[in-house]
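Visitor: Submitted below is the structure of interest, expressed as structure tokens.
Coordinate-derived values only; no laboratory data. This is a predicted model, so every value here is computed, not measured. As a convention, Cβ positions derive from the backbone with ideal geometry for all residues, glycine included, and neighbour counts pool all protein chains shown.
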Amino acid sequence: MNLTITPNYTALSIMAARLIAQLVKAKPDCNLGLATGRTPIGVYAELVRMHREEGLSFKRVRSFNLDEYYELQPNHPQAYRRYMNEHLFNRIDIAPQNTHIPDGTIDFERVYSHCADYERAIDDAGGIDLQVLGIGKSGHVGLNEPGSTAESRTRLITLEPVTRLDAAGDFLGIDNVPTRALSMGVGTIMRAKRIILLATGVHKASVVARALRGPVSTEIPATFLQEHPAVEVLLDREAAGALLA
Ligand code: PGA
């Protein structure tokens, strides 16, 4: 893994956006794997700026998001579809039909086939060229909570209490946080050609150290990234704190 420690959140966001922009310029029909959460908000803001001020075009880009809460309507304030539309898709020239996010409203009986279709859509597009990832306190990437295997694929998963607790503020109470989500698997993520892992803030320092330096294990699914040949890890100083200690 290639590790860069940036001075602050802005620098990290700009660096990640530049890596994405370089790919989009070199391969205008690339497939981006995208993440939600607080961490990539600055990256998307910088991509929007590059689109507006520098003419960076996403016309032929296809995107595949990691995950979506199960049983949230796409326009729910906390739905990842809404997040992506508001932070990125509505502000750039990507074609709406080229943006893919698991459908959190799919009937339970159709979840399995929907997840299989999601995997097939990624494969049919030629695979993910660059996957953006955050990391959760539980050690998840995407929403692959502890216990997720290296081979796991897009599926319905149950969220860890710590993951729901982290989201409780946004949902105005933990009872409003969904208990399940659809998420790409670790195996789906590992098939991406390149990966950028982002983490900021002191609250991520401990899990970042375990993910990057700890034994590879389903207990911390992010540890599987140690076995990927092309991972760029971008941290701010706070998130890197336990690595430097
Ligand atoms: P965050 O979430 O960016 O909101 O910290 C990261 C994650 O849970 O993957």
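Visitor: Evaluate the charge dipole of segment 168-240 about its Cα centre and quote only its size in Debye, nearest 20, assuming +1 on the Cβ of each Lys and Arg and -1 on the Cβ of each Asp and Glu.
Guide: It comes to approximately 260 debye.
Visitor: Now a separate question. As an exercise, use a Förster radius of 45 Å and the Cβ-Cβ distance of Arg49 and Glu109 to find the FRET efficiency, rounded to the nearest 0.05.
Guide: 0.55
Visitor: Which whole-number percent is the relative contact order of the chain (Cα, under 8 Å, 6+ apart)?
Guide: Here the relative contact order equals 24 percent.
Visitor: With 5 Å bins from zero, work out the P(r) of segment 173-221 over every alpha carbon pair and list the percent per bin.
Guide: With 5 Å bins starting at 0, P(r) equals 4, 13, 17, 21, 24, 15, 5, 1.
Visitor: Local charge sum around Leu198 (other residues, Cβ-Cβ under 10 Å, Lys/Arg +1, Asp/Glu -1)?
Guide: Value of the local net charge: -1.
Visitor: In the chain, if the dipole is taken from +1 on Lys/Arg beta carbons and -1 on Asp/Glu beta carbons about the Cα centre, which of Leu3, Leu88, Met184 is farthest to the positive end?
Guide: Leu3
Visitor: Right, another one. How far is the Cα center of segment 105-147 from the Cα center of segment 1-35, in Å?
Guide: Cα centroid to Cα centroid, the span is 20 Å.
Visitor: To continue, here is another question. Taking segment 85-150, which trypsin sites (Lys or Arg not before Pro) meet the DSSP loop condition and have no more than 15 other C-beta atoms within 10 Å?
Guide: Here the trypsin sites (Lys or Arg not before Pro) that fit, given the DSSP loop and packing criteria, are Lys137.
Visitor: Could you put Ile92, Ile128, Ile174, Ile122 in order, starting from the residue whose Cβ has the fewest other Cβ atoms within 10 Å?
Guide: Ordered by Cβ neighbours within 10 Å, fewest first: Ile174, Ile92, Ile122, Ile128.
Visitor: Same structure again: State the answer as a single residue: which of Ile20, Leu165, Leu66 lies farthest towards the positive end of the charge dipole of the chain, with beta carbon charges of +1 for Lys and Arg and -1 for Asp and Glu, about the Cα centre.
Guide: The Cα lying farthest towards the positive end belongs to Ile20.
Visitor: Here is a further query. Determine the sum of side-chain charges near Tyr80: Lys and Arg each +1, Asp and Glu each -1, restricted to other residues whose C-beta is under 12 angstrom from that of Tyr80.
Guide: Here the charged neighbours net out to -3.
Visitor: In addition: When Lys and Arg each count +1 and Asp and Glu each count -1, what net charge do the other residues less than 13 Å away from Phe89, Cβ to Cβ, add up to?
Guide: +3
Visitor: May I ask which residue of Ile220, Gly104, Met50 lies farthest towards the positive end of the charge dipole of the chain, with charges of +1 (Lys, Arg) and -1 (Asp, Glu) on Cβ and the Cα centre as origin?
Guide: Met50
Visitor: Follow-up question, since we're still on this one. Only counting other Cβ atoms within 10 Å, I'd like Phe171, Phe89 sorted with the fewest neighbours first.
Guide: By the 10 Å Cβ count, ascending, the order reads Phe171, Phe89.
Visitor: Here's another thing I want to ask about it. Hey, got the dipole for segment 101-229? About the Cα centre, +1 on K and R Cβ, -1 on D and E Cβ, debye to the nearest 20?
Guide: Around 480 debye, computed over segment 101-229.
Visitor: Given labels modelled 7 Å from the Cα in the Cβ direction, how far is it in nm from Thr158 to Leu243?
Guide: Computed distance between label sites Thr158 and Leu243 equals 3.3 nm.
Visitor: Still on this structure, I have one more. Quote the FRET efficiency, to the nearest 0.05, computed for Arg60 versus Lys137 with a Förster distance R0 of 30 Å and r equal to the Cβ-Cβ distance.
Guide: 0.25
Visitor: While we're on this one: Taking the Cα centre of the chain as origin and charging only Cβ (+1 Lys, Arg; -1 Asp, Glu), how large is the dipole, in debye to the nearest 20?
Guide: Dipole of the chain, to the nearest 20 debye: 620 debye.
Visitor: Taking Cα centroids, how far is segment 158-227 from segment 228-242 in Å?
Guide: 14
Visitor: Still on this model: So, in the chain, how many Lys pairs have Cα atoms under 29 Å apart, if the pair is 8 or more places apart or on different chains?
Guide: 8
Visitor: Let me know the Kirkwood hydrodynamic radius for the chain, please, with Cα pairs as the basis and the value in Å to one decimal.
Guide: After inverting the pairwise mean of 1/r, the radius is 17.9 Å.
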